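Student: Structure incoming, see below.
Every number here is computed from the coordinates shown, using simple stated rules; none is lab data. Model, not experiment: these values are computed from the prediction. Ideal geometry is used to build each Cβ from the backbone, glycine not excepted, and the neighbour counts take in all protein chains shown.
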Amino acid sequence: MKKAARIKNLRVGILFTAAFAIVLFVRLIPLDLMPGQIAPPDILFALMVALLVRRPRALPMVLVVVLFLLNDILLQQPLGLWTLVVLAISELVRNSRSEVREMLFLSEWIWFAGLFGAASAADYALRIALFVPREPLTLLLPMIIFTITVYPLVVLFLNVVFGVQKPVQRDFAGMSARS
Amino acid sequence: MAKRDDNDISFARSLRRLGFFLLLMFLTGLVLLWRIDNPRAERLRIAVVDRLVPNMDWALQPVTKAARMVADFQSYTQIYQQNQDLRQELQQMKAWREAALQLEQKNAKLLDLNKVRLNPKLSYLTGVVLTDAGSPFRQSALINIGSRDGVKDGWPAMDGLGLVGRISGVGRNSSRVIFVTDTNSHIPVLIKPFDQRAILTGDNSLLPPLDFLENSDRVQPGDRVVTSGDGGVFPNGLLIGQVTQGANGRLRVRLSADYRRLEFLRIIRFEPTAPINNPDRLIGPEFPPLAGSERSEMTPASAAEEGVAQ
């Protein structure tokens with residue numbers, strides 16, 4: 001039982017890395033170099049949060065840091081800034097996952113909206129503090145709304161492709177044995 | 001037994017906490033390094049990208065090509081209309097070509113009569129666009145030529161017609177081109193025919209605005225905008241686009257480069273001319289001692305300059 005769970009965790013971790021690589025790859029393809037488009041949603045963040053709520057063991061801290069650092073490097077973001085925010089948020093989610101698991105999906109969605117809003121605000125505040133050029137709000141705000149909108153799809157994707165669901169909570173002892 | 005388990009769990013937990021703080025410190029250090037010693041951190045980034053992206057070429061190229069083919073296929077639906085338009089345009093172009101040829105000959109004759117020496121022709125390298133910046137917040141692209149091919153920081157990049165951007169960051173096998181439309185791009189420009197100077201500032205749109213314009217009365221929509229060469233970053237006279245008027249009356253530039261289909265970029269080899277430091281050299285460079293035969297060929301104007309310099 002325990003070994004099976006470990007193998008499943010490994011499988012989900014590899015799937016997450018693959019999904020991350022594909023998203024990054026698609027974003028880097030030079031299809032349209034026109035400026036002033038709509039910013040795509042931050043699927044990687046949504047995927048990470050949804051997975052952390054459902055199966056935190058599949059996503060070690062080091063993997064999160066390595067993948068998001070790669071994201072920062074390849075997308076010309078300030079080195080490590082967004083990764084720093086994501087690491088803090090991931091730890092927050094890990095610690096509060098048992099409350100989130102008890103929520104209905106609608107309240108989880110609202111919780112995610114607050115979380116992503118807070119993460120973006122923290123990133124923005126850090127940029128102001130460090131005098132880093134900031135992203136224009138006209139592009140940033142639609143991106144935040146877009147990301148919140150796709151969260152249910154990400155959860156569905158996680159359910160269908162990864163085979164990861166919210167664990168049903170029968171009793172406390174059962175939960176600690178799982179995951 | 002249960003007691004030991006508890007100990008194990010609390011030990012693992014504190015180890016995790018330690019790991020978390022170490023990672024947090026590491027990332028904070030990285031951000032600060034990037035902020036304080038930016039060139040070094042950017043070199044680090046370029047090294048990683050240079051190692052990674054050219055190796056992904058085998059996957060990037062087919063996907064890009066396939067997606068372009070789909071886009072091309074969609075345009076087949078309007079092929080008849082396009083054909084008609086192109087024929088009409090070609091007819092106009094032929095007339096212009098004839099005019100240009102005649103003017104070129106006339107120009108060559110006049111230059112010869114005046115003994116004018118223009119700048120030597122600029123030579124260029126051509127690179128293929130590998131990836132874009134990946135987010136609409138940054139306007140840049142990665143191309144497949146780098147220091148191995150002699151690319152240097154700051155060289156201008158053009159598509160066939162207009163200026164696209166400049167090189168910013170050179171790796172061994174790849175280099176990054178920051179576009180004119182990026183918010184970090186500020187280019188000194190000259191607006192023909194009245195030679196008005198201005199700064200072209202990127203603002204994430206295809207119509208970047210003109211700032212610090214000398215005299216906006218002498219600029220009209222439709223005027224040509226070229227690089228002025230001020231500051232020595234760009235050579236002068238590279239075509240950028242045409243002046244248009246924005247919605248709120250602000251003067252903007254319609255870029256000549258076609259950002260929709262950037263596949264190849266021309267990187268112009270450009271070594272800025274030596275700056276003039278001594279006031280007495282403002283008249284001209286120090287001439288080597290002239291032989292008598294060469295002196296007789298000099299025009300009166302340059303002879304006069306020579307006299308002033310001495």
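Student: Per residue of A:79-91, count partner chain C-beta atoms within 10 Å of its C-beta, then hand back the mean as an integer.
Tutor: The mean count of partner-chain Cβ atoms within 10 Å per residue comes to 5.
Student: A:VAL160 to B:MET93: FRET efficiency via 1/(1 + (r/R0)^6), r the Cβ-Cβ distance, R0 56 Å, to the nearest 0.05?
Tutor: So the FRET efficiency works out to roughly 0.55.
Student: On to the next question. As a check on your grasp of the helix formula, calculate [θ] at 222 nm for chain A: sum -39500 (n - 2.57) over DSSP H runs of n ≥ 4, divide by the residue count, round to the nearest 500.
Tutor: Value at 222 nm, helices only: -23500 deg cm²/dmol.
Student: Under a no-solvent Debye model with one identical scatterer per Cα of the protein assembly as shown, what's log10 I(q)/I(0) at q = 0.06, 0.08, 0.12, 0.14 Å⁻¹?
Tutor: Values returned for q = 0.06, 0.08, 0.12, 0.14 Å⁻¹ are -0.40, -0.66, -1.20, -1.47.
Student: Between B:ARG17 and B:VAL70, what's the calculated FRET efficiency when r is the beta-carbon distance and R0 is 60 Å? Round to 0.05. If you can, show how the numbers build up before the last one.
Tutor: Values: r = 50 Å, r/R0 = 0.84.
The formula returns an efficiency of 0.75 here.
Student: Another one. Going through segment A:118-164, which chymotrypsin sites (Phe, Trp or Tyr not before Pro) have at most 12 other Cβ atoms within 10 Å and a DSSP loop state? Intermediate values should be presented prior to the final figure.
Tutor: On the way: sites: A:TYR124, A:PHE131, A:PHE146, A:PHE157, A:PHE162; in loops: A:PHE131.
Here the chymotrypsin sites (Phe, Trp or Tyr not before Pro) that fit, given the DSSP loop and packing criteria, are A:PHE131.
Student: Nearest 10 degrees, 0 to 90: what angle lies between the long axis of helix A:105-129 and the longest principal axis of chain A (Cα atoms)?
Tutor: Rounded to the nearest ten degrees, it is 40.
Student: Can you give me the distance in nm between label points at B:MET25 and B:GLU263, each placed 7 Å from the Cα along the Cα-to-Cβ direction?
Tutor: Result for the modelled spin labels: 5.3 nm.
Student: Still on this structure: Grab the Cα-Cα distance for B:HIS186 and B:LEU52, subtract it from 0.36 nm times how many residues apart they are, and report the gain in nm with one decimal.
Tutor: Numbers: separation 134, 0.36 × 134 = 48.24 nm, distance 2.99 nm.
Taking B:HIS186 through B:LEU52 to full extension adds about 45.3 nm, to one decimal.
Student: Going out from 0 in 5 Å bins, what whole percent of all Cα-Cα distances in segment B:2-53 drops into each bin?
Tutor: Values per bin, smallest distances first: 5, 17, 12, 14, 12, 10, 9, 7, 6, 5, 2.
Student: A:SER96 versus B:ASN114, label points 7 Å from Cα toward the beta carbon: distance in nm?
Tutor: 7.3 nm
Student: Using 10 Å bins from zero, what percent of all Cα-Cα pairs in segment B:124-268 falls into each bin?
Tutor: Going out from 0 Å in 10 Å bins, segment B:124-268 shows 13, 44, 32, 10, 1 percent.
Student: Going out from 0 in 10 Å bins, what whole percent of all Cα-Cα distances in segment A:98-153 drops into each bin?
Tutor: Per 10 Å bin, starting at 0, the Cα pair percentages come out as 22, 43, 25, 10, 0.
Student: Per 0.36 nm of contour for each residue apart, how much would the distance between B:ASP230 and B:ALA59 grow if the chain were fully extended, relative to their Cα-Cα spacing?
Tutor: Working: separation 171, 0.36 × 171 = 61.56 nm, distance 4.13 nm.
Result: 57.4 nm gained on full extension.
Student: Where Rh denotes the Kirkwood radius from the mean inverse Cα pair distance, what is Rg over Rh for chain A?
Tutor: 0.97
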